[in-house]
Amino acid sequence: MNSQEMYEKMKAKLERVVPDVELRYKAEIAVEIEELKKHRNAVILGHNYMEPALFHSIPDFTGDSLDLSRKAARTDKDVIVFCGVRFMAETAKILNPSKTVLLPSAKAGCSLAASITVDDVHALKNKFPGVPVVTYVNTYADVKAESDICCTSSNAIAVVESLHTQAVIFLPDEYLAKNVARETGKHIIFPSVSGGKTDSDDGLDYQLIGWRGRCEVHEKFTVKDIETVRAQFPDVAILAHPECSPEVTAAADFSGSTNAMIRYVQESQAPHYLLLTECAMGDNIAAANPQKDMLRLCMVRCPHMNMITMEDTRDALKFNQYVIEIPEEIRIKAYRAVERMIQIG
Ligand code: SF4
């Protein structure tokens, strides 16, 4: 495909979302990426939070963490380029040890993944011996390796319920844990692991043991935001990601993973939609569904996801950067937790 053909293809989806001058520029980079992709026998995975021009041009597969983990597990390509953040690329490497996994920006981290260390997990396991550990996929490989099973926002409840135990340690997202607790009717505590007594250290009346990690994007949405938007657009359908606070998810019309939000918009008929998640996803849905009116709260952006650009993706393939490496003893243990999650679906 030449750059004019690529431009036409991108324009068909993006002309109402991306200015023409940007489309022409990015179409040229997309052609370069396509050639490099063939040359290197690579597959490109694009998370739902990628900017619209990237999202609607170069990925072979798009989706949420769980989706892309499954795609990564099935690929027969030599190279996986993960347009997402580091913990996602690590998950692809955990599932594909013999393949080269590239993350286009070395700095694309995540506040949730950074909120917990392997020492924190050890301290919790010592405090609650025998209690199984569920970790959200938004964690680094060494933390996954200390877990019994992983989960995503789309399968968190199914994963917790699959364990059939009296208590579960659920890490590291405070709000996702509270949302799971609310939906399953479980009592949640947030213990101290560094000494000092907390309110929750009393008694054994707990079923979920949480951690106070947060997504720096989703924690910013408030019930006041919802009220303000509803005052202006009374018939808006508001969708909140489960990394938002329980107050926000309760005030929204729907709460679900990024893929579940996309399905909700596609399958319903509201006059307007507002997604309480990374703003780029609203643009991506608007591009794919021109008949839907998407409102956006774009003052909240993920600085990590925004680090992944088309230029960086091209350079990743050109210069073989940034290669994800995981020590094999950690990878094997993390693999068990991720694979167990994938089996649940
Ligand atoms: S949106 Fe939140 S959870 Fe997702 S990568 Fe950014 S900081 Fe991490």
When R70 is run through (1) over 22 Å from K318 (Cα atoms); (2) under 18 Å from the mean Cα position of the chain (by Cα); (3) open to solvent by less than 50 Å² (accessible area, probe 1.4 Å), the failure sits at (3)
Does segment 271-283 include one or more residues that are hydroxyl-bearing (S, T, Y) and within 15 Å of the ligand (Cβ to nearest atom)? yes
Restricted to segment 107-122 and to residues being open to solvent by less than 40 Å² (accessible area, probe 1.4 Å) and among the small types (G, A, S), the residue nearest to the ligand (Cβ to nearest atom) is S111
Determine, yes or no, whether V17 is under 24 Å from V323 (Cβ atoms) and touching a residue at least 24 places away in the same chain (Cβ under 8 Å). no
Starting from segment 209-227, keep only residues that are open to solvent by less than 40 Å² (accessible area, probe 1.4 Å) and among the small types (G, A, S), then list their pairs with residues that are assigned to a helix (DSSP H, G or I) and modelled with pLDDT of 95 or more whose Cβ atoms are within a distance under 6 Å, requiring at least 6 positions of separation or different chains. G210/E174; G210/A177; G213/S115
Kindly establish whether A53 is within 18 Å of E278 (Cα to Cα), at pLDDT 95 or above, crowded, with 20+ Cβ neighbours inside 10 Å and away from the ligand (no atom under 16 Å from the Cβ). yes
Identify, please: which residue in segment 85-106 is among the hydrophobic types (A, V, I, L, M, F, W, C) and within 16 Å of the ligand (Cβ to nearest atom) and is, among those, farthest from the chain's Cα centre (by Cα)? A106
Subset of segment 303-341 [among the hydrophobic types (A, V, I, L, M, F, W, C) and open to solvent by 20 Å² or more (accessible area, probe 1.4 Å)]: M307, F319, V323, I326, I330, I332
Condition (residue is among the charged types (D, E, K, R), more than 16 Å from the ligand (Cβ to nearest atom) and closer than 30 Å to P234 by Cα) applied to segment 288-304: is it met by at least one residue? yes
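The values are calculated or read from the model by the stated rules, or taken from the named source; none is laboratory data. Keep in mind it's a predicted model, so treat the numbers as computed, not measured. Note: ideal-geometry Cβ built from the backbone for every residue, glycine included; neighbour counts use all protein chains shown. Side chains are part of the model used for accessible areas, which takes the heavy atoms of the whole protein and leaves out ligands, DNA and RNA. Shrake-Rupley method; radii C 1.70, N 1.55, O 1.52, S 1.80 Å.
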